[in-house]
Amino acid sequence: MNFEQLNFTMFCVGNVADALKMSAGNVYRLLRDSGILMEYIVPGYDVLHTFGKDYLVEDIVSYMKEKGVLQ
């Protein structure tokens, strides 16, 4: 993971945490443990970073629900 991907990952984690009213640490663990972080966010950086914050948050939360991470 390069610096840009790390920065983007932290941006995603922080904004998803805000949207879900959860701690960033908890959201990070959920994304890491579910595989979303390393199987979706990091490899999808080139495309995902071109989208706006609201779309990204909605997309990640939706994917978390789809994978059973959230209800």
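The values are calculated or read from the model by the stated rules, or taken from the named source; none is laboratory data. Only a predicted model underlies this, so the values are computations on that prediction, with no experimental measurement involved. In this analysis, Cβ positions are derived from the backbone assuming ideal geometry, glycine residues included, and neighbour counts consider all displayed protein chains.
Quick notes
- Residue within the range 23-38 that is touching a helix residue (DSSP H, G or I) at 6+ places or on another chain (Cβ under 8 Å), hydrophobic (A, V, I, L, M, F, W, C), farther than 15 Å from L70 by Cβ and not in a helix (DSSP H, G or I) present: no
- Any chance M1 is out of contact with any Lys or Arg (no Cβ under 9 Å at 6 or more places or on another chain), more than 19 Å from E66 (Cβ to Cβ), part of a helix (DSSP H, G or I) and of a type in the set (A, V, I, L, M): no
- You will find that of D33, D59, the residue that is surrounded by fewer than 15 Cβ atoms within 10 Å (Cβ to Cβ) and either within 10 Å of the chain's Cα centre (by Cα) or at pLDDT 95 or above (or both) is D33 and no other.
- Of all the residues in the range 47-63, those that are assigned to a loop (DSSP other than H, G, I, E, B) and either closer than 11 Å to F8 by Cα or in contact with a helix residue (DSSP H, G or I) (Cβ under 6 Å, 6 or more places away or on another chain) (or both) number 2.
- Residue check, T9 among the hydroxyl-bearing types (S, T, Y), in a helix (DSSP H, G or I) and either at positive phi or out of contact with any Leu (no Cβ under 6 Å at 6 or more places or on another chain) (or both): yes
- Matching entry among L6, L48 (being surrounded by 13 or more Cβ atoms within 10 Å (Cβ to Cβ) and not basic (K, R)): L48
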